[in-house]
Amino acid sequence: MTTIDSNAEWIDLCSKNDLIPHSGVAAMHEGQQIALFYIPEYENEIFAVGNNDPFSGSNVLSRGLIGDLQGEPMVASPLYKQHFSLSSGTCIEEPDVSVPVWPARVVDDQVQIML
């Protein structure tokens, strides 16, 4: 579980209306692609991870299939099918590989991530 610094900077990425339940979208911040996932069933319904698949080098994770493995929300890369935890960014099949993760929230219908 990520600890959130009360003095951290939160930035707006998009409107919640830009998200599709049970799906991913890509957003851009300072040249970096971020995959956003909206899964209403989870307490923290918005997840933000790096969009770059470390196995292929392609920005495709936002187009991956989402689900859970033993209660852990995850995304499966659409290319080589590795599963990444949406909470920690860790690859399920190869735990030494991970993608960046940002705390995310919705405030006044704006999706924000913490820098």
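The values are calculated or read from the model by the stated rules, or taken from the named source; none is laboratory data. This structure is a prediction, so every number in the text was calculated from the model and none was measured. Cβ sites come from the backbone with ideal geometry, for glycine too, and all protein chains shown count toward neighbours.
Here is a check on your reading of the model: is I39 surrounded by 12 or more Cβ atoms within 10 Å (Cβ to Cβ), touching a residue at least 60 places away in the same chain (Cβ under 8 Å) and closer than 15 Å to V111 by Cβ? Against the criterion (surrounded by 12 or more Cβ atoms within 10 Å (Cβ to Cβ), touching a residue at least 60 places away in the same chain (Cβ under 8 Å) and closer than 15 Å to V111 by Cβ), I39 does not qualify.
Residue-by-condition table, conditions (1) part of a loop (DSSP other than H, G, I, E, B); (2) within 14 Å of the chain's Cα centre (by Cα); (3) closer than 15 Å to W102 by Cβ:
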position	(1), (2), (3)
A27	no, yes, yes
A35	no, yes, yes
E41	yes, no, no
F47	no, yes, yes
G67	no, yes, no
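Kindly provide the set of residues from the stretch 19-36 that are crowded, with 18+ Cβ neighbours inside 10 Å and of a type outside the set (A, V, I, L, M, F, W, C), ordered by number. Selection gives G24 alone. The residues in the stretch 79-115 that are not in a strand (DSSP E or B) and not small (G, A, S) can be counted, and the count is 17.
Restricting attention to the stretch 49-65 and to residues that are free of Cβ contacts under 8 Å to residues at least 40 places away in the same chain and in a strand (DSSP E or B), the residue that is farthest from D96 (Cα to Cα) turns out to be L65. Among (1) crowded, with 18+ Cβ neighbours inside 10 Å; (2) among the β-branched types (V, I, T); (3) out of contact with any strand residue (DSSP E or B) (no Cβ under 6 Å at 6 or more places or on another chain), which single condition is V107 missing? Evaluating V107 over (1) crowded, with 18+ Cβ neighbours inside 10 Å; (2) among the β-branched types (V, I, T); (3) out of contact with any strand residue (DSSP E or B) (no Cβ under 6 Å at 6 or more places or on another chain) leaves (1) as the failure.
Taking the conditions exactly as written (modelled with pLDDT of 95 or more and within 29 Å of N7 (Cβ to Cβ)), does Q112 satisfy them or not?
Working: modelled with pLDDT of 95 or more: yes; within 29 Å of N7 (Cβ to Cβ): yes.
Answer is yes for this residue.
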